[in-house]
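Structure, as C-alpha cells:
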Amino acid sequence: MSKQKLELTWIGKEKRPKLEPRILLEEPDKSYHAKQRVSEGDIFDNRLICGDNLLALKALEQEFTGKVKCVFIDPPYNTGSAFAQYDDGLEHSIWLGLMRDRLEIIKRLLSTDGSLWIAIDDNEGHYLKVLCDEVFGRQAFVTSMVWENFYGRSNAAAVSPAHNYVLLYSPLGQDWKKVRNLLPRGDEAASKYKNPDNDPRGSWRLGPIFAAGERHEGLMYTITTPSGRSVSPPKGSHWRMLEEDFWKMVNEGRIVFGEKGDNNPAVKLFLREVQDGLVPRTWWSHTEVGHSQEAKREIQALFPNEIPFDTPKPERLLKQVITIATNPGDIVLDSFAGSGTTGAVAHKMGRRWIMVEVVESTCDSYVRPRLKKVIDGEDGGGITESIGWEGGGGFRYCQLAPSLIVNDRWGNPVINPEYNAAQLAEALAKLEGFNYAPSEVQWWQHGHSSERDFIYVTTQNLSGDQLQALSEEVGSDRSLLVCCSAFRGVTAAKAAERWPNLTLKKIPKMVLARCEWGHDDYSLNVANLPMAKPDPVDPAASASRPTKTRRAATGNNNQGGLFEQSAGENQK
C-alpha cells in the first residue's frame, strides 16, 4: 500500500488577499496618558488600534517586523454561538482562511526569540494546530497548555467541558526554553521545603537518588546503609551519581538514610540551590490562572451594569503568559482585543502593548474606559494588588486610514481626496518600503530607506527645470525617488539618463496594481466565501451514473473531507 500524502485543504485556500498597507491615524482626543509619571518605568507609547484586524496587522508590518516578543490572541472559536461582538458561527472554510492570513503576518512580526500563544477550544483547536504547523513549520511548535477554564459540571453536555487549549509556537521551537522565564516560586511550592534538623544551609526537601533508564557503567554499584543493609539500584534504574561522589555527598550531609539509618538513601535538595523559579507545566488549573467566571467577575467590577463579553479571559491567565514569554519593556500584541485584558495586564506588568479591536463601539465603550482606569490607578481588580500596581503610562488611539485609491465619478482611480499632503507622503513611503521621516532641513526628504536613499512625494506636475534643480540639490552621492503627478518635457527613459540620481514615478499609476484598493472589511463573513468550481465530468461515466455536484459551502459546518488525498496518488 502506497503512502497517502495528507494536507489540510479548504475551499478558497488558494485565494490570498492583496492587502493595502494602510497608515495609522492617531485620534488625539481618544488617546490617553497619565497626568504625571508614577515611576521611571512608565510606558506611554502603547497603541490601541480600531479597525479590521487583518488590515491593522498589515499596517504594523513595516514598523514592527521582527520586534514583537509575545503575541497572545483569543480568536472567535467558531462554535456556532451568537456573540454580540463577533460572528462566532462562521463556515469552517472561511475561519481557516481568516486564521491563515493573520498567522502569516504574525509570523513576520515575531522576534526571533518571540512566541505566539493562541487560546482555542475543541471545535477548531485540532485544525488550528495543523494550520499553525503549515504556517510556522512543525519544528516551531513548543507545546499546548490545557487551561481549566470551567470547574463545575454541565448537565446539558454529554461530557461536561472543563478546559480550553493554549497553543504555543516560537521560531526557536524547543530551544525557546533557553529564553523563556521561569514562574515565580510561590508560597505553596516553597512550603514543600522544611528544615527539621536545623541544617545551617536552610530549608530542604528529599529528592530521588535513582534514575530510570539504561544502566550505565560506573552508575551500578552497591552501598551499605548505616544500619548495615545493602542497597543497589532497582531493576531498570541506576544511581544518579558515581560512587565516589555519593560518599562525598554523604560526608557533606547531603544524603540521608532516615532516623534509624535503614531507609534507602535520598538526596537533600536545598531551596537556596534550586532554580530561581518553576519550569512551566502544560496543565494550568483554575486555582493557578483563574477561570471564565472569575474573568466575568473582573469585567463586571469594571462595568457594574452589564457583562458585555461572554468569554473574557482572566487577568491571571494573561499574567502567566506574559511572565513566561516577556521581560519589562518587551512588546506584547493582541489582534483580537475583545475586552482588552491583554493590554490591561501588559500595562500593569510594564510591557509595551499593541491591541487591535475591529468593533468601534467595543473600543470606545469598554477597552478605552478599562485602560483609562488602569492608567489612573482606579482598577483595583485582577492582578493589581498582587503586583502593587498604582497607575501611570498611557496609550495612543489610532484608526486605519481610508483606502489610498478611490474611483472618481467617472470610474477612474484617483488619490483619495481625504488624504492631505503629509498623509499621502506617508502612505507612498510605506508602499515603496521607505521609513516615513520628514526632514526639518531638506524639503524634499519625506523618508529614507538608507542613509543616502530618500523619497519625495508631491502632487505637482514637475518640469525639466524643476527636476534639474532637484537633481543638483540631491547631489551625486545620494539617490531620490520622486513621486509626482506628472513630469513635462522628458520621458522616463530620458530622465534616468539625464538625472541618474533621480527615479521618477507617476501618482497614482505607480501603485494601482499593488493592492486591493477600497477593501475595508476582511472580517469573517460567509458572503466573502468564493464559489467552488464544479468537478470535471467524465463524459464516458456520466451516462452510467448521476451527475455529481459539490455541496454548497455556505452554511455547511461539516468538517469532514478537509484532509484530502493528493491528486494522482494510488490507494492500495
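The values are calculated or read from the model by the stated rules, or taken from the named source; none is laboratory data. Keep in mind that this is a model prediction, so the values were computed, not measured. Quick reminder, even Gly has a Cβ in these numbers, built from the backbone with ideal geometry, and neighbours come from all protein chains shown. Accessible surface areas use protein heavy atoms only, side chains included; no ligands, DNA or RNA. Shrake-Rupley method; radii C 1.70, N 1.55, O 1.52, S 1.80 Å.
One quarter of the convex hull surface built on the alpha carbon atoms of the stretch 295-442 amounts to 12.9 nm², the projected area averaged over directions. As a rough guide to protection, the peptides 52-64, 470-482 ranked by mean Cβ packing within 10 Å, highest first, stand as 52-64, 470-482. The coefficient of translational diffusion for the stretch 181-239, derived via Stokes-Einstein from the alpha carbon Kirkwood radius under 10 °C and 1.306 mPa s, stands at 108 µm²/s. Based on protein heavy atoms only, the stretch 404-461 ends up with 58 Å² per residue of surface accessible to a 1.4 Å probe.
The residues of the stretch 195-241 have, on average, 62 Å² of accessible surface per residue, using a 1.4 Å probe with all protein chains present. In the structure shown, do any of K30/K69; K67/K509; K13/K107; K107/K509; K18/K129; K129/K348 have a Cα-Cα gap over 29 Å, and if so which? The pairs that break the limit, which is 29 Å between Cα atoms, are K67/K509; K107/K509; K129/K348.
For the stretch 264-319, the list of GluC sites (Glu not before Pro) that fall in a loop by DSSP and count at most 16 other C-beta atoms within 10 angstrom reads E306.
The candidates H126, H448, H286, arranged from most to least accessible area with a 1.4 Å probe in the full protein assembly, appear as H126, H448, H286.
Atom-type composition of the exposed protein surface of the chain places 49 percent of the accessible area on carbon and sulfur (1.4 angstrom probe). Each 10 Å bin from zero up to the one holding the largest Cα-Cα distance in the stretch 169-307 carries the following percent of pairs: 9, 25, 26, 21, 10, 6, 3, 0. Of the beta bridges in the chain, as assigned by DSSP with both residues counted there, near 55 percent are antiparallel.
Just the number, please: Stokes-Einstein D of the stretch 135-201 in µm²/s, Kirkwood Rh from C-alpha pairs, 10 °C, 1.306 mPa s. The Stokes-Einstein estimate is 98 µm²/s. With all protein chains kept in place, the per residue accessible area of the stretch 113-191 amounts to 50 square angstrom at a probe of 1.4 angstrom.
Annotation note: chymotrypsin sites (Phe, Trp or Tyr not before Pro) in the stretch 332-413 located in DSSP loop regions with a Cβ neighbour count of at most 16 within 10 Å are W410.
Based on every Cα atom in the stretch 221-365, Rg and the maximum pairwise Cα distance Dmax equal 25.9, 78 Å. For T287, the solvent-accessible surface computed with a 1.4 Å probe is close to 100 Å², ligands and nucleic acids excluded.
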